[in-house]
Amino acid sequence: MNQKPQEVSAKAAEATLIDECPEPLLCYSCKKVAINCYQSEHGCRLCSICLTCWLRLQDTAKSCPCGETDRPSISDEFLLTWTDCLPDIAARREVNELKFRCPNSGCGCPYSSQLKHLDRHLTTDCNFEMRHCNFCNREVQLHLLNSRHKDLLSESCCEKFFAPCPHCNGSEMLNRQSFLTHLDSCQARPVECTYSKAGCGWSGCLDELEQHCKDSCHLHLRLLNIFHQQEIQKLREELAKAKRLPEEKCAHTSLPEPNDCHNATQVPLKRRSGVTYNK
Ligand SMILES: [Zn+2]
Ligand SMILES: [Zn+2]
Ligand SMILES: [Zn+2]
Ligand SMILES: [Zn+2]
Ligand SMILES: [Zn+2]
Ligand SMILES: [Zn+2]
Ligand SMILES: [Zn+2]
């Protein structure tokens, strides 16, 4: 079990640490946990990102980020190079045991684990990793690629994806656009009964609807009858309420006088007279 710790991928290196980082495992330059840690010749720990940046600044890479410039053994100015910095196996081993949040946590991935398991998660089962869609040649989150992105029924279906109609499973290969056109005539398209608003709970395929209507004409008539009676009842109640309205607003039982509270609350004159004379 004492094998050399694996180098962590650039993506996994973006993960955020959950635990607090022990002081000795901090990168000297960025003061964050030193992932893929290197050690400079005189013992400074640097994360691989900082070391790379530091070494790229060719002109200023005269010293270790800590400011150390003298190297007692040589009279030359101390110059930091890759060969001066070695992978810090001990630090890497410890950092790999720390617990991190998945770098895709910002997109919604709830996964967290020790750093050493993060790369396996990212390459195999992180639903929020971007994967290549072979149809549109774009990068899509894995969980979308396996669902909405390749589902003709979804509004967010990949526009280049094609498959047979999922309802009739016909021989024709359709993309989202041609599928929508096809739907109008697809006999296997799921539909509700024409009288669903009246209360018929039947649902089935379009090609069964006609037969259902033939079989259920008495049921439909009865439902329609009840439905219309309910509608009429509702209208009656609304009408009665409208007639009561002026009396409810005022305790007067006699006809309203000018300048009484009806005028004060500005009930429209037309409405009042209408109610009064249409009893
Ligand atoms: Zn760093
Ligand atoms: Zn240093
Ligand atoms: Zn993840
Ligand atoms: Zn696509
Ligand atoms: Zn179809
Ligand atoms: Zn029906
Ligand atoms: Zn009949």
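The tail of the calculated P(r) for segment 130-183 beyond 16 Å holds 36 percent of all Cα-Cα pairs.
Averaged over residues, the count of other Cβ atoms within 10 Å places the peptides 7-13, 225-231 in the sequence 7-13, 225-231, highest first. Extension gain for ALA242 to GLU14 (0.36 nm times residue separation, less C-alpha to C-alpha distance): 75.4 nm.
Peptides 112-119, 162-169, ordered by how many other C-beta atoms sit within 10 Å of their residues on average, highest first, read 112-119, 162-169. To the nearest 0.05, how large is the calculated FRET efficiency for ARG148 and LEU183 if R₀ is 22 Å and r is the Cβ-Cβ distance? So, using R0 = 22 Å, E works out to roughly 0.80. Taken along the Cα-to-beta-carbon direction at a fixed 7 Å, the label points for GLN211 and GLU159 span 4.0 nm. Between GLN114 and MET173, the contour length at 0.36 nm per residue exceeds the alpha carbon distance by 16.7 nm.
Stretching ARG93 away from LEU235 to a fully extended chain increases their span by 43.3 nm, per 0.36 nm per residue minus the current alpha-carbon distance. A simple spin-label model places the labels of SER196 and GLU7 5.8 nm from each other, with each point 7 Å out along Cα-to-Cβ. Residue pairs exceeding 28 angstrom between C-alpha atoms, taken from LYS32/LYS116; LYS4/LYS99; LYS11/LYS31; LYS197/LYS243; LYS214/LYS234: LYS197/LYS243; LYS214/LYS234.
Here the peptides 237-244, 127-134 are ranked by packing, the mean other Cβ count within 10 Å, and the order with the highest first is 127-134, 237-244.
Read-outs: derived from the displayed coordinates by stated rules, not from any lab. Here the structure is a predicted model, which is why all the values come from computation and not from measurement. Neighbour counts run over all protein chains shown; Cβ positions are idealised from the backbone, glycine included.
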